1. Could you work out the relative contact order of the stretch 16-172? I mean the mean sequence separation of Cα pairs under 8 Å and 6+ apart, divided by the number of residues, in percent.
2. If N is the number of residues in the stretch 14-96, what value comes out of its Cα radius of gyration divided by 2.2 N^0.38 Å?
3. Tell me the Rg and the Dmax, in Å, that the Cα atoms of the chain produce.
4. Between residue 131 and residue 24, how high is the FRET efficiency from 1/(1 + (r/R0)^6) when r is the Cβ-Cβ distance and R₀ = 30 Å? Nearest 0.05.
5. Enter the accessible area of residue 156 (Å², nearest 10), with the probe set to 1.4 Å and all protein chains included.
6. Mind grabbing the base-10 log of I(q)/I(0) for the stretch 81-178 at q = 0.12, 0.20, 0.23 Å⁻¹? Debye formula, identical points on the C-alpha positions, no solvent, two decimal places.
7. May I ask you to compute the full-extension gain from residue 145 to residue 94, defined as 0.36 nm times their residue separation minus their alpha-carbon distance, rounded to one decimal in nm?
8. Leaving out ligands, DNA and RNA but keeping every protein chain, what accessible area does residue 19 have, in Å² rounded to the nearest 10, with a 1.4 Å probe?
Amino acid sequence: MTACSPLLSPWAVLDDAHWRGFFQGLDSHLQAPAFRKLRSLAHQARQALNDLDAFMSRYCAQTCPHCTDVCCRTLRVAYNVTDLVYLWGLHEALPLGQTRRNDTDPCRYHSSSGCILPRHLRPYVCTWFFCEAHMQLFSLETPRFQRHVLAVLQEMRRLRSAMYETVRISFSTGGTKE
Ligand code: SF4
Ligand code: SF4
């Protein structure tokens with residue numbers, strides 16, 4: 001990825017072979033004002049994810065140990081380009097790589113005690129996806145709590161779109177890093 005190349009689609013998934021190269025491209029070519037904006041947006045997104053973590057972890061503690069179809073093993077969950085842009089904006093140690101090397105592998109971050117990554121470093125689909133068991137628990141929450149969660153998810157949608165657009169515009173204007 002060069003300063004003049006367009007950013008891949010927000011939903012594109014890169015394999016392990018392109019993982020480092022993507023971040024190197026951002027490091028080399030993302031303009032400083034765009035990075036500052038990205039960083040601010042990413043930290044807002046991190047806060048929103050932390051807000052969701054408590055009840056989602058509670059749901060997992062109640063359901064995942066008894067689950068017979070563990071999503072982290074069977075679904076092909078992966079980081080997409082928007083996830084990678086967000087991770088870069090956090091400016092902290094990056095996960096080792098894509099969730100799996102081959103389609104049939106379980107997620108590399110899955111352990112016998114659950115996910116080894118803090119929520120804010122997981123692919124966003126790991127947070128917005130509610131399995132049936134979690135939907136059932138969510139349906140028992142108060143309407144006020146449900147509205148709060150839906151508002152946070154809506155805010156995440158806005159933030160993710162803004163992060164992606166920040167990088168896309170920076171790349172399409174083709175300036176150089178300050
Ligand atoms: S999140 Fe749902 S589908 Fe995934 S392991 Fe837990 S109970 Fe099973
Ligand atoms: S990153 Fe964590 S939560 Fe997401 S699929 Fe992998 S093990 Fe599961």
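1. Values: 119 pairs, mean separation 62.7, N = 157.
Normalised by residue count, the contact order of the stretch 16-172 is 40 percent.
2. Working: Rg = 15.9 Å, N = 83, 2.2 N^0.38 = 11.8 Å.
Ratio of Rg to 2.2 N^0.38 Å for the stretch 14-96: 1.35.
3. For the chain, the Cα-based Rg and Dmax read 17.2, 52 Å.
4. Details: r = 35 Å, r/R0 = 1.18.
That gives a FRET efficiency of 0.25.
5. 0
6. One equal scatterer on each Cα of the stretch 81-178 leads to -0.56, -1.17, -1.29.
7. Working: separation 51, 0.36 × 51 = 18.36 nm, distance 3.20 nm.
Residue separation times 0.36 nm, minus the Cα-Cα distance, leaves 15.2 nm.
8. Accessible area of residue 19: about 10 Å².
The values are calculated or read from the model by the stated rules, or taken from the named source; none is laboratory data. Small disclaimer: the values here were computed from a predicted structure and weren't measured. Please note: Cβ atoms are built from the backbone with ideal geometry, for glycine as well, and neighbour counts cover all protein chains shown. Ligands, DNA and RNA are excluded from the accessible area calculation, which covers all protein heavy atoms including side chains. Shrake-Rupley method; radii C 1.70, N 1.55, O 1.52, S 1.80 Å.
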